[in-house]
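The values are calculated or read from the model by the stated rules, or taken from the named source; none is laboratory data. Predicted model only: the values in this text are computed from it and were never measured. Neighbour counts run over all protein chains shown; Cβ positions are idealised from the backbone, glycine included.
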Amino acid sequence: MPKETKYIIFTGGVLSGLGKGIAVASVGKILSPKYKVMPIKCDGYLNVDPGTMNPVEHGEVFVLDDGGEVDMDFGHYERFIGTTCYSEQNLTMGKVFHEIRIKERRGDYLGKTVEYIPHVVDHIKNKYYELAKKTNADIVLIEIGGTVGQIENNLYIEACRQMKKDVGEENIMYIHLSYVPIPSGVNEQKSKPTQQSVDLLRQRGIAPDIIIGRCSEMLTDSIKEKMATFCDVTPDAVITGLDVNSVYKIPLVFEQQGMSKIICQKLDICVKPKLDKWESLVKKLYNGGKTLNIAICGKYTNLEDSYASVVEALYHSAANLDCKVNISFVETTNISNMDQIANLDGVIVPGGFGSRGAEGKIKVIQYCREHNIPFLGICYGLQLAVAEFARNIVGFKDANSTEINPNTKFAVVDILPEQIQVENKGGTMRLGAYPAILKKNSKIYHLYGSEKVSERHRHRYEVNPDYHAVLQKNGLIFSGMSPDGRLVEFIEISNHPYFVGCQGHPELKSSLLKPAPLFFGLVKAAKERRVKS
Ligand code: GLN
């Protein structure tokens, strides 16, 4: 049993969507880099991973270096903690049962009745312990999705209860995130929902060490006292999860209230959080200079969470360039005139699937190219930029991706040969980190500052090699290729302030302290455009 690793378990109560993922990421931020912190997210649903789920329902699918398609909370974890996660860090009940079934068929439980307790719960605990070992983590943060009392989370909660005995009381603590409403008319902070959700947790054998009360204002001393009495914690272990206008403020909000001190006392560790640089960048997020209007043009624009990492990557670059971004979402499905594009300082066509909205995106891309509007095309955005270039510069009428029109005469974007035989939908795209070699002296080479780069991918289609020569001859610059020269990873054009496409998803590796180079380039060009106008 790995006694040396410390575990912090995060549960939630009352409501979902209170920001548990941000709380986990913020605690991780506070404890790193002194300690090697590894987060684990446990989801109750029966999908093996979120890769096959609709981003409108579930938010963006986050992709890791190892190709894992994971919950969008991993975006917060990596951005805050500055760590690279593995796909095993996202547990789902689908994954757990899938593995149990394989073990059962293999005969691992021969002669036994396979039961929730001990077999499933032991399997879950072993996943935690194995991960601690594999990553050599000092501290593992385990987030149990949803709220206590939801039937699908009970096995995770039971596993985390049992862990206390396995790892020793001094190596584990429990943080419960709850909601403190201030009903209008009553105008008073109310502690009952928290008391009741802590009660539910206690019924499952877990007593929290820290309570984070999400509230629109700082919790008063009197409500802290009350919550402390009813929930058996000390008043300083009741921490306000304040409503803020930026999630990046949460590590600061927690630390101002002594979060690290309470954790250190309980786990017998010692840390002095280094948040100076973070704090100064957070200030810049709001006090930066010029406001730039940047649009994300896509089809899932009714839910910001579908493009969460793209939005964050824009904020990261803006803070580092002393400007602000005003992000709008343009639905391209029925876009007819370009008035709303004309006044923008920058445009992003992000990743996407299927044909809806594609023609509109191609029109937007054409407009950006012809009117010198800084443009970044990501994955699908690169593919559509190639179709646009083929149509309007090369003269290939109706050139397209075969994803949109399988019968197009000019299939400038086509399915990857290795994808043709693929039938299963889950986890079968070209996924994860792939390297590219950049063309020296290209725009993006200067942005990355290196010739060999790596971005994360999630796609089945690619620029068709049959058209490489003609596209290049007409002026499309392939500024980055896969090392074997087969796949176009980056494109750009000259005589334009910024017209760049990337087959990978640079937004997935962006952070406040280290903004993604291609977003930095876009925001910089947008800023220059604004200054000129
Ligand atoms: N649909 C495109 C493909 O599969 C683009 C995918 C994406 O944008 N992530 O290649």
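Does I263 satisfy the criteria of being crowded, with 20+ Cβ neighbours inside 10 Å, part of a helix (DSSP H, G or I) and either acidic (D, E) or modelled with pLDDT of 95 or more (or both)?
So I263 passes the test.
Can you confirm whether the stretch 468-486 contains a residue that is of a type in the set (V, I, T) and either buried (at least 21 other Cβ atoms within 10 Å of the Cβ) or in a loop (DSSP other than H, G, I, E, B) (or both)?
Looking for residues that are of a type in the set (V, I, T) and either buried (at least 21 other Cβ atoms within 10 Å of the Cβ) or in a loop (DSSP other than H, G, I, E, B) (or both), one finds none in the stretch 468-486, hence no.
The residues on offer are D122, D108, and the sole one that is of a type in the set (D, E) and either at pLDDT below 95 or in contact with a Gly (Cβ under 7 Å, 6 or more places away or on another chain) (or both) is D108.
Of all residues in the stretch 356-394, those satisfying the criterion of being more than 16 Å from the ligand (Cβ to nearest atom) and either touching a strand residue (DSSP E or B) at 6+ places or on another chain (Cβ under 8 Å) or farther than 23 Å from S533 by Cα (or both) are K363, C368, R369, I373, P374, F389, A390, R391, N392, I393, V394. Restricting V140, V114, V120 to those that are part of a loop (DSSP other than H, G, I, E, B) and among the hydrophobic types (A, V, I, L, M, F, W, C) reduces the list to V114.
Within the stretch 344-355, is there a residue that is away from the ligand (no atom under 12 Å from the Cβ) and either aromatic (F, W, Y) or out of contact with any strand residue (DSSP E or B) (no Cβ under 8 Å at 6 or more places or on another chain) (or both)? No, the stretch 344-355 contains no residue that is away from the ligand (no atom under 12 Å from the Cβ) and either aromatic (F, W, Y) or out of contact with any strand residue (DSSP E or B) (no Cβ under 8 Å at 6 or more places or on another chain) (or both).
Scan the stretch 495-511 for residues that are out of contact with any strand residue (DSSP E or B) (no Cβ under 6 Å at 6 or more places or on another chain), assigned to a loop (DSSP other than H, G, I, E, B) and at pLDDT 95 or above and jot them down. Selection gives H496, P497, Y498, S510, S511. Give the residues of the stretch 307-355 that are closer than 22 Å to S533 by Cβ and free of Cβ contacts under 8 Å to residues at least 12 places away in the same chain, sorted by residue number. Of everything in the stretch 307-355, those that are closer than 22 Å to S533 by Cβ and free of Cβ contacts under 8 Å to residues at least 12 places away in the same chain turn out to be N337, D339. Restricted to the stretch 300-374, the set of helices (runs of 4 or more DSSP H) holding at least 2 residues that are of a type in the set (V, I, T) and within 16 Å of E60 (Cβ to Cβ) comprises 308-320. Residue count for the stretch 390-409 satisfying the condition of being among the charged types (D, E, K, R) and under 33 Å from the mean Cα position of the chain (by Cα): 1.
For the stretch 237-258, residues that are over 20 Å from D199 (Cα atoms) and over 24 Å from the mean Cα position of the chain (by Cα) total 3. Taking R486, is it within 16 Å of the ligand (Cβ to nearest atom) and more than 30 Å from V48 (Cα to Cα)? Answer is yes for this residue.
Restricting attention to the stretch 409-434 and to residues that are crowded, with 19+ Cβ neighbours inside 10 Å and of a type in the set (V, I, T), the residue that is nearest to the ligand (Cβ to nearest atom) turns out to be V413. Of all the criteria given as (1) crowded, with 20+ Cβ neighbours inside 10 Å; (2) closer than 23 Å to Y129 by Cβ, the one not satisfied by D108 is (1). From the list K440, K397, the lone residue that is more than 12 Å from the ligand (Cβ to nearest atom), farther than 22 Å from S479 by Cα and without any contact (Cβ under 8 Å) to a residue 40 or more places away in the chain is K397. Here the stretch 219-242 is the region considered, the condition is being under 22 Å from P273 (Cα atoms) and touching a strand residue (DSSP E or B) at 6+ places or on another chain (Cβ under 7 Å), and the residue that is surrounded by the fewest Cβ atoms within 10 Å (Cβ to Cβ) is L242.
Show the residue pairs meeting these rules: Cβ distance below 9 Å; 6+ apart or different chains; first residue within the stretch 128-140 and without any contact (Cβ under 8 Å) to a residue 60 or more places away in the chain; second residue assigned to a helix (DSSP H, G or I). Close Cβ pairs (under 9 Å, with a partner that is assigned to a helix (DSSP H, G or I)) amount to E130/E88; K134/E88.
Of everything in the stretch 447-483, what is among the β-branched types (V, I, T) and away from the ligand (no atom under 16 Å from the Cβ)? Give them in sequence order. Passing the criteria: V453, V470, I477. Looking only at residues of the stretch 37-65 that are assigned to a loop (DSSP other than H, G, I, E, B) and at pLDDT 95 or above, we find that the one that is farthest from I239 (Cα to Cα) is D65.
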